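Take a look at the structure below.
What follows draws every value from the coordinates through simple rules; no lab data is involved. The model shown is predicted, which means the values in this text are computed figures rather than measured ones.
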Amino acid sequence: MKKIASFTVNHDKLQKGMYVSRIDGDVITYDVRMKKPNGGDYLENASMHTFEHLFATYARNSKHADEIIYVGPMGCRTGFYLLLRDTVSKNDALNLVKESFNFIKNFTGDIPGVSRIECGNYLEHNLQGAKDIAKDMIIVLENWNEEKMNYEK
């Protein structure tokens, strides 16, 4: 079988940040890398789960709601994928991520979609852990720009 594109990236060179992972027609996949791959420190499941609920909720309620294809965690627990229509500029995508992370950092109240009928694992959530991830990534992305969105060769 043909090797998929994400397996051709040297994960030992990846650092935390936001990258264009691939472009398929009018869909851009962003790799929002929150942990250094193979670094021994991974996103904790309950924190990642809460982060997913908050990130997806914010993004799907933003001005780009109709251009969001997918927001979800990587199986390796080192980050999230964000898939957007190419009508959203890379700079706007970066701003959406930054806004989402600020929303998560400052979130109070009930986590969206966390009841038994709304979620398949409603008991496994960690709001403080999600906030900690957001705080860390806000610092990482503070001076991020379009030029930094390319994977290192």
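In terms of distances greater than 18 angstrom between alpha carbons, the cross-link table entries 2/148; 13/148; 98/135; 36/135 yield 2/148. For the chain, modelled as a Gaussian network with Cα springs under 10 Å, which listed residue fluctuates most, 82, 43, 14? Checking each option, the largest mean-square fluctuation is seen for 14. If you run the Gaussian network model on the chain, springs between alpha carbon atoms under 10 Å, then out of 19, 58, 122 the most flexible one is 122.
The chain: D in µm²/s via Stokes-Einstein (Kirkwood Rh, Cα pairs, 20 °C, 1.002 mPa s)? Walk me through the intermediate numbers first.
Details: Rh = 15.9 Å.
Result for D is 135 µm²/s.
Just checking the listed ones, 92, 136, 26: in the Gaussian network model of the chain with Cα springs under 10 Å, the one fluctuating most is 26. Calculated on C-alpha atoms, the gyration radius of segment 1-79 divided by its Kirkwood radius gives an Rg/Rh of 0.98.
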